[in-house]
Amino acid sequence: MGYLPIIITLSGFIGLFFLVVNQSMIAKKKAILQILQALFDSLGKSGSTPQNPIDLQAKTIHYIDGEYLRAKSTLNGKTQSSFEKEIRPVYQSLKVTISQYNKLIGKRPYSFVAKVMGHKPLG
């Protein structure tokens, strides 16, 4: 019997670790997509009509930044307060969540799982 229980336990731990980390990354991506949808809804209310991208790629993140800056540049006295209350916090939340996702992928054991499972950094 010797090493067999140790090998089985260790392989079970590694398998569960892979599953938990993969599920965590998938949950972060879903959160990013929900925040992205809320941002595009808020931008739509402010008068801008951006396209709502479905995928999460670097060009999508740059497109979001451009739409945010375009909406910010067209502010006047009336829309300033609504922009500060509705759009800016959602945009900041999106940036923080993307940063957290990228940091998670950059850490040592998680980067290996991300590479094996096919997760790529955003932005």
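The values are calculated or read from the model by the stated rules, or taken from the named source; none is laboratory data. In this text, all values refer to a predicted model and were calculated from it rather than measured experimentally. Neighbour counts run over all protein chains shown; Cβ positions are idealised from the backbone, glycine included. What goes into the accessible areas is simple: the full protein's heavy atoms, side chains included, and nothing from ligands, DNA or RNA. Shrake-Rupley method; radii C 1.70, N 1.55, O 1.52, S 1.80 Å.
Key figures for this structure:
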| read-out | value |
| --- | --- |
| Tilt relative to the chain, helix 4-45 - C-alpha long axis, 0 to 90 degrees, to 10 | 10 |
| Protein-only accessible surface order, largest first, of V21, V90 at 1.4 Å | V90, V21 |
| Degrees, to the nearest 10: 58-73 long Cα axis against longest axis of the chain | 30 |
| Environment charge of E86, counting only residues whose C-beta is closer than 14 Å and scoring Lys/Arg +1, Asp/Glu -1 | +3 |
| Helix 108-117 axis, angle to the chain major axis (alpha carbon atoms, nearest 10°) | 80 |
| Straight-distance crosslink candidates among lysines, where the alpha carbon sits under 21 Å from K103 and sequence neighbours closer than 8 are dropped | K28, K29, K30, K59, K95, K115, K120 |
| Point-charge dipole on Cβ atoms (K/R +1, D/E -1) for the chain, about Cα centre, debye to 20 | 220 |
| Chymotrypsin sites (Phe, Trp or Tyr not before Pro) restricted to segment 1-48 and DSSP loop, no more than 14 other C-beta within 10 Å | Y3 |
| Convex hull (Cα only) mean projected area of the chain, reported in nm² to one decimal | 8.4 |
